[in-house]
Ligand SMILES: Cc1cc2nc3c(=O)[nH]c(=O)nc-3n(C[C@H](O)[C@H](O)[C@H](O)COP(=O)(O)OP(=O)(O)OC[C@H]3O[C@@H](n4cnc5c(N)ncnc54)[C@H](O)[C@@H]3O)c2cc1C
């Protein structure tokens, strides 16, 4: 690449470290592009795309680098890293914002909260808003605000042809459809998102209940049964945790393995929060080992707490499974949670619609799997010597969940796990449309095929 645009070639000093630093997960990827290019403007993105076309090089894009599997990093070609695109411009009157794709989800939340506004940004503030929204985006208050991609009003995109286009409901609506959930299969370089905003909740409260893992079945049944009575602005997670956890550490009246129910209320005031959690007050029929009641958690501090739990020096495997079952889907995992080689690993489940599907149709968005319960499994460990044990454990958890799964969530799916993984992040009809639109917008296959599937590049 011969240009004034900042870039680094494979083989140049610092190249390997640069690629490693761009990706959050510490598992070595074992693959690298020929060049990392760092455009500072849309014109420079256009220049890079056109140069790659002329040179017959493949292109991939990275915003925050927080895709668990390092989906942007492929062997060969040009990796366009978008870190310069981190502008956040808020229009409070229109209740919209324009955000560069590399703005961190937490930075967007903070900028909006300062104006009493909000967006379904991630619980964890570290991911880039670009990859987060393009991949659907399960964020704060998801039951009421829906996945973040449904608040996407427009995108500015440099296409495979090297043209800058604006996509909205009225211009290139099919590109907007793709941007709402196609994730790593999106065929273009998005420079900016136009997002629709919400009011910042005036009050946010968290209640939690801690039980021994032995009670996983009873606790899951309890939450599943009560869920239909809960309001959509109460987000409830059932979380299986091992001994290496910052809260409720073992030995303090808590066993090594616990199941925690966490309920986060996005409300106007404490009274509304109390009413929201009231159906949970009776408990599962036995006392928890620990309980906290409606603790205030300032909205802008939510992501800082989650960020502190995500250590960039750790190694991660993540996967997600939609199921039409209730939270009982978790119970076959009790032994697996207990046997996890790393005490940091986490398995959790949420019913975003409290037993109902969220009712998201495939007409508005590529995002399309709408199950009752999402089960999320994360292997989290520190040392390379434990790679094999943790990979085997995570594969075992996947094997337990696969038979009851109706699909996966592309932002947190292990797309390398099997060749069907990517397609199973969409309904068959939406997958077919996605593949066809990818072919239309990138007929020569300029962009790398998404990980785990050559078929979306057709
Ligand atoms: C600690 C942590 C917590 C997380 N929590 C959540 C969560 O609560 N909810 C959730 O939904 N997800 C969550 N994720 C997953 C994460 O949001 C997604 O994987 C998301 O893709 C990351 O966005 P990014 O920009 O940082 O990723 P990148 O790794 O930079 O990009 C991911 C993919 O998105 C596409 N992409 C990114 N930028 C562009 C662009 N400008 N133009 C075109 N395509 C682009 C590319 O195909 C790329 O491969 C979490 C991940 C981590 C590591």
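The values are calculated or read from the model by the stated rules, or taken from the named source; none is laboratory data. All of these numbers come straight from a predicted model, not from anything done at the bench. Here the Cβ is made from the backbone with ideal geometry for all residues, glycine too, and neighbour counts use every protein chain on show.
Report yes if some residue within the stretch 389-406 is out of contact with any strand residue (DSSP E or B) (no Cβ under 7 Å at 6 or more places or on another chain) and over 19 Å from residue 337 (Cβ atoms); otherwise report no.
no
Filtering the stretch 19-43 down to residues that are under 20 Å from residue 159 (Cα atoms) and surrounded by fewer than 15 Cβ atoms within 10 Å (Cβ to Cβ), which residue is farthest from the chain's Cα centre (by Cα)?
Going through the qualifying residues, I end up with 43.
So for the stretch 6-13 (the condition being within 16 Å of the ligand (Cβ to nearest atom), in contact with a strand residue (DSSP E or B) (Cβ under 8 Å, 6 or more places away or on another chain) and modelled with pLDDT of 95 or more), does at least one residue qualify?
Within the stretch 6-13 (the criterion being within 16 Å of the ligand (Cβ to nearest atom), in contact with a strand residue (DSSP E or B) (Cβ under 8 Å, 6 or more places away or on another chain) and modelled with pLDDT of 95 or more), the answer is no, since none of the residues qualifies.
Restricting to the stretch 242-255, count the residues that are over 17 Å from residue 305 (Cα atoms) and in contact (Cβ under 8 Å) with a residue 40 or more places away in the chain.
Result for the stretch 242-255: 4.
Out of all the residues in the stretch 345-354, is one or more touching a residue at least 24 places away in the same chain (Cβ under 8 Å), part of a strand (DSSP E or B) and over 21 Å from the mean Cα position of the chain (by Cα)?
The answer is no; no qualifying residue exists.
Does at least one position in the stretch 323-338 carry a residue that is in a loop (DSSP other than H, G, I, E, B), surrounded by 22 or more Cβ atoms within 10 Å (Cβ to Cβ) and more than 16 Å from the ligand (Cβ to nearest atom)?
no
Please work out if residue 177 is under 23 Å from residue 371 (Cβ atoms) and more than 13 Å from the ligand (Cβ to nearest atom).
The answer is yes for residue 177.
Which of the strands (runs of 3 or more DSSP E) contained wholly in the stretch 48-154 include at least 1 residues that are more than 10 Å from the ligand (Cβ to nearest atom), surrounded by fewer than 22 Cβ atoms within 10 Å (Cβ to Cβ) and without any contact (Cβ under 8 Å) to a residue 40 or more places away in the chain?
Once the strands (runs of 3 or more DSSP E) in the stretch 48-154 are filtered for at least 1 residues that are more than 10 Å from the ligand (Cβ to nearest atom), surrounded by fewer than 22 Cβ atoms within 10 Å (Cβ to Cβ) and without any contact (Cβ under 8 Å) to a residue 40 or more places away in the chain, what remains is 88-91.
How many residues are surrounded by fewer than 15 Cβ atoms within 10 Å (Cβ to Cβ) and modelled with pLDDT under 95 if we restrict to the stretch 248-287?
Total satisfying the criteria: 6.
Scanning for something free of Cβ contacts under 8 Å to residues at least 40 places away in the same chain and more than 22 Å from residue 135 (Cα to Cα), does the stretch 333-344 turn up at least one residue?
Yes, the stretch 333-344 has at least one match.
Quick one: residue 292 ticks every box in (1) in a helix (DSSP H, G or I); (2) farther than 17 Å from residue 333 by Cβ except a single one, so which number is it?
Checking residue 292 against (1) in a helix (DSSP H, G or I); (2) farther than 17 Å from residue 333 by Cβ, the one that fails is (1).
Which residues, taken from the stretch 158-181, are in contact (Cβ under 8 Å) with a residue 60 or more places away in the chain, farther than 27 Å from residue 55 by Cα and part of a loop (DSSP other than H, G, I, E, B)?
180, 181
Looking only at the stretch 283-305, filter to residues that are within 29 Å of the chain's Cα centre (by Cα) and closer than 28 Å to residue 225 by Cα; which one of those is nearest to the ligand (Cβ to nearest atom)?
302
Out of (1) touching a strand residue (DSSP E or B) at 6+ places or on another chain (Cβ under 9 Å); (2) not assigned by TED's automatic domain parsing to the domain that holds residue 303, the odd one out for residue 170 is which?
Here residue 170 clears every test but (1).
Is there a residue in the stretch 190-211 that is part of a helix (DSSP H, G or I) and either more than 20 Å from residue 296 (Cα to Cα) or in contact (Cβ under 8 Å) with a residue 40 or more places away in the chain (or both)?
The answer is no, given that none of the residues of the stretch 190-211 is part of a helix (DSSP H, G or I) and either more than 20 Å from residue 296 (Cα to Cα) or in contact (Cβ under 8 Å) with a residue 40 or more places away in the chain (or both).
One residue is enough: does the stretch 403-412 have a residue meeting the conditions at pLDDT below 95, under 18 Å from residue 69 (Cβ atoms), in contact with a helix residue (DSSP H, G or I) (Cβ under 8 Å, 6 or more places away or on another chain) and buried (at least 17 other Cβ atoms within 10 Å of the Cβ)?
No, there is no match, as no residue in the stretch 403-412 is at pLDDT below 95, under 18 Å from residue 69 (Cβ atoms), in contact with a helix residue (DSSP H, G or I) (Cβ under 8 Å, 6 or more places away or on another chain) and buried (at least 17 other Cβ atoms within 10 Å of the Cβ).
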